[in-house]
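Worksheet: one structure, shown below.
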Amino acid sequence: MQIRALSGEPLGVEVLGADLRTATAEDVERMVDAMHRTGRGVLVVRDQHLAPTDCERACAMLAPHFVAQQPYTRWPGQSKPIPGCPHLALLGNYRAREDNEFGMDVVKGEVIGEYKPAKQNLEEWHTDGSFLPNPKVAIALYAPQLDDALPPEGGETRFASCTAAFEALAREEQEKLRGLCSVHSWEKFMRLLESRDPGRQKVTAEQIAEKPPQLWPVVRTHPVTKAESLYINPKNTAAVVNKATGEPIPEEDARRLVDRLAEAVVGDGLPGNSKVYAHTWKRGDFVIWDNRVLLHAASPFDAEKYQRLLFRMEFKGEPVLGPSTP
Ligand SMILES: O=C(O)CCC(=O)C(=O)O
């Protein structure tokens, strides 16, 4: 097994010559260690041949490093369950080649994944579930060995490091940011999705009450590497609050600050930008990323011409640790 930094990229390590169907706990530990220490939170394992149940096994092996596997709880628009794979969801516009593809309750020709067209803009960049009391620690995607399930252009998954962005800031600015928190709001996120799609069912006051906003530090510490990084989510930030006084800063200043910090992380967000690793999917790629220290975004592709299918798994959350220098 060879583990090396992704050549010419700002982040990411790749593993060659490994098989996640038979990898030992020691192999997995080496991969995760390289992902944290060298990869700034992105690990790409190449050339895998994984059935859905093998993905389950791979994630069970990874789980001790990322709190625990998160069971897949389905809401409208998401993929149907795969029998025997309680942690697995499907992403993309792929149509079943036959009835009961992957053992699912689907008919030939049915779209079997959750498909949300991506945009190229900065708004697409996010970290998953920051509005939860325990934001997710990691997400994994796998590109199955199918010859018609990846677009030949577009459809990359883009990553940018919130740790690198924090480290590049001036000391005085780092110090200022350590004194701020931001409000991560599920309602704000839902209203954004509703504004993009007027036909989308509006969330109710009751649903909003079930997911109250969370106040998280703008600078967080990684529990393993102890590195500090920015923790922002432009899609769902409702306010920025001064930690010492508990007072929100003026709304316009908060919006400008979050936009500026997002730009510090992703630049213009486009593939080719020196801050961005755009993962071009190949059949058999298994990618896991540390959701605590990265922003990510899917790139658009021509869904009229091409199909895309990825298996998706996630890992449970943990409370966000504040700055290591109070
Ligand atoms: O489809 C992709 O490339 C990214 C998916 C994503 O944003 C996620 O799983 O949170």
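The values are calculated or read from the model by the stated rules, or taken from the named source; none is laboratory data. Computed from a predicted model, the values in this text were never measured in an experiment. Here Cβ is always computed from backbone atoms with ideal geometry, including for glycine, and neighbour counts include all displayed protein chains.
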Restricting the first residue to segment 174-192 and requiring it to be free of Cβ contacts under 8 Å to residues at least 24 places away in the same chain, which pairs with a second residue that is part of a helix (DSSP H, G or I) and surrounded by fewer than 19 Cβ atoms within 10 Å (Cβ to Cβ) meet a Cβ separation below 6 Å and a spacing of at least six or different chains? none
Can you say whether Q214 is of a type outside the set (K, R), surrounded by fewer than 23 Cβ atoms within 10 Å (Cβ to Cβ) and either within 15 Å of the ligand (Cβ to nearest atom) or closer than 25 Å to L88 by Cα (or both), as far as the supplied structure shows? no
Which of the residues belonging to segment 95-128 are touching an Asp or Glu at 6+ places or on another chain (Cβ under 8 Å) and surrounded by 14 or more Cβ atoms within 10 Å (Cβ to Cβ)? R95, A96, V106, I112, A118, L122, D128
Can you pull out the residues in segment 14-43 that are over 23 Å from the mean Cα position of the chain (by Cα), among the acidic types (D, E) and not in a helix (DSSP H, G or I)? D19
Tell me which residues, restricted to segment 145-179, are more than 14 Å from the ligand (Cβ to nearest atom) and not in a helix (DSSP H, G or I). Q145, L146, D147, D148, P152, E153, S161, A168, L169, A170, G179
Output for segment 87-101, where each listed residue is under 24 Å from the mean Cα position of the chain (by Cα) and on the phi > 0 side of the Ramachandran plot: G92
Condition test on T157, is it under 16 Å from the mean Cα position of the chain (by Cα), under 30 Å from R97 (Cα atoms) and surrounded by 13 or more Cβ atoms within 10 Å (Cβ to Cβ)? yes
Hits in segment 109-143 (condition: part of a strand (DSSP E or B) and more than 12 Å from the ligand (Cβ to nearest atom)): V111, V137
For segment 105-112, check the following and say yes or no: at least one residue is in contact with a Ser or Thr (Cβ under 7 Å, 6 or more places away or on another chain), within 27 Å of R46 (Cβ to Cβ) and among the β-branched types (V, I, T). yes
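Yes/no matrix, rows are residues, columns are (1) buried (at least 21 other Cβ atoms within 10 Å of the Cβ); (2) at pLDDT 95 or above:
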site: E263; (1), (2): no, yes
site: N273; (1), (2): no, no
site: A278; (1), (2): no, yes
site: K282; (1), (2): no, yes
site: F286; (1), (2): yes, yes
What tally of residues in segment 311-326 results from selecting those that are within 16 Å of the ligand (Cβ to nearest atom) and not hydrophobic (A, V, I, L, M, F, W, C)? 4
Within segment 1-13, the residues that are in a loop (DSSP other than H, G, I, E, B) and under 16 Å from H279 (Cα atoms) are L6, S7, G8, E9, P10, L11, G12
Kindly indicate the residue of segment 286-310 that is within 23 Å of C85 (Cβ to Cβ) and over 10 Å from the mean Cα position of the chain (by Cα) and also nearest to the ligand (Cβ to nearest atom) among those meeting that condition. L310
